[in-house]
Amino acid sequence: MQIKASRREETNLAIANEEDIRRGSHAMELREAVYGRRAVRAYDSDPVDDGLLRQLIDAAIQAPSAVNQQPWSFTVLRNQALLDRISRESKGYMLGTLSAGPTGDHFRKLLSDPNFQIFYHAPVLVLISAVSESPWAVEDCSLAAENLMLSAYAAGLGTCWIGFAQKWLATPQGKDAIGIPPAHLPVAPIIVGRPKTAPAPVPRKEPDIRWLG
Ligand SMILES: Cc1cc2nc3c(=O)[nH]c(=O)nc-3n(C[C@H](O)[C@H](O)[C@H](O)COP(=O)(O)O)c2cc1C
């Protein structure tokens, strides 16, 4: 199965086919992955193969980490009833934390909508948690997350980091619900699945660069 490619992609991007993915030989120019990856918010219900998820995790752990501590743990969730529960609990938790202002108002409207499922009904959630108190464990897990998202894109999959889930998952009830040890800190909840469509590029602001010297 192939994702629907954008116009730019159609010209110069060969999306990995199923055979490549099974063999683990899907490859993509780095630039294509960096510039082509988008947050995906609509998924097919097709399951994602365990072997492919394992390859994404293998790519994630190639990330650099401070003092080479590799302070990450991966939790793979596919139980839709559990994902629905995490979504409900996270929405309630987040609603209690919002402040006044345009962003708070936007989130309040979204999170109050009973039809909004924070995981967009993706078939899989991969949660990357920090397992040590290294002062850089969150940075390390975030680097692993980007490797996972780029590798998923190269394999024809969509991903999106779901920040809405982070805070409730970090509560004792959240950790208990997904069976992670109390000392672990959920950092990167990333949904993974086959995109229904290829999202449009999101414009970037001009970078603020201060050239010194
Ligand atoms: C830390 C973090 C938290 C995010 N949380 C959410 C989220 O809860 N829900 C969501 O739909 N997208 C979430 N996103 C995705 C961003 O909205 C998205 O990356 C951004 O709009 C840029 O779009 P792009 O990823 O397609 O380039 C999150 C991204 C990051 C890095």
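Every read-out reported here was derived from the displayed coordinates using simple, explicitly stated rules and does not represent laboratory data. Just so it is clear, the structure is predicted and the values come from calculations on it, not from any experiment. We place every Cβ from the backbone using ideal geometry, glycine too, and count neighbours over all the protein chains shown.
Once you place label points 7 Å from the Cα toward the Cβ at L30 and L82, how far apart are they in nm?
3.6
How much length would be gained if the chain were fully extended between Q69 and A183, taking 0.36 nm per residue of separation minus their Cα-Cα distance, in nm to one decimal?
39.4 nm
Please give the peptides 29-41, 102-114 ranked by average Cβ packing (other Cβ atoms within 10 Å per residue), highest first, as a rough proxy for protection.
Those peptides, ordered most packed to least, come out 29-41, 102-114.
Calculate the spin-label point distance for A39 paired with T197, positioning each point 7 Å from the Cα along the beta-carbon direction, and give it in nanometres.
Here the modelled spin labels are 1.8 nm apart.
Work out the length of the dipole vector of region 59-213 about its Cα centre, built from +1 on the beta-carbon of each Lys and Arg and -1 on the beta-carbon of each Asp and Glu, and round it to the nearest 20 debye.
440
Rounded, prolate or oblate for region 57-213? Axes are the square roots of the Cα gyration tensor eigenvalues, ordered a ≥ b ≥ c, and the cut-off for rounded is a/c under 1.5.
rounded
Can you spot the lysines whose alpha carbon is less than 26 Å from K91's alpha carbon? Ignore those fewer than 8 places along the same chain.
Of all the lysines, those that pass the test against K91 - Cα under 26 Å, at least 8 places apart if same chain - are K109, K167, K175, K196.
What does the C-alpha gyration tensor say about the overall shape of region 118-201? Classify as rounded when a/c is under 1.5, otherwise prolate if a/b is larger than b/c, or oblate.
oblate
Would region 54-96 count as rounded, prolate or oblate if I go by the C-alpha gyration tensor, calling it rounded below 1.5 in a/c and otherwise prolate when a/b exceeds b/c, oblate otherwise?
It comes out oblate by the Cα gyration axes.
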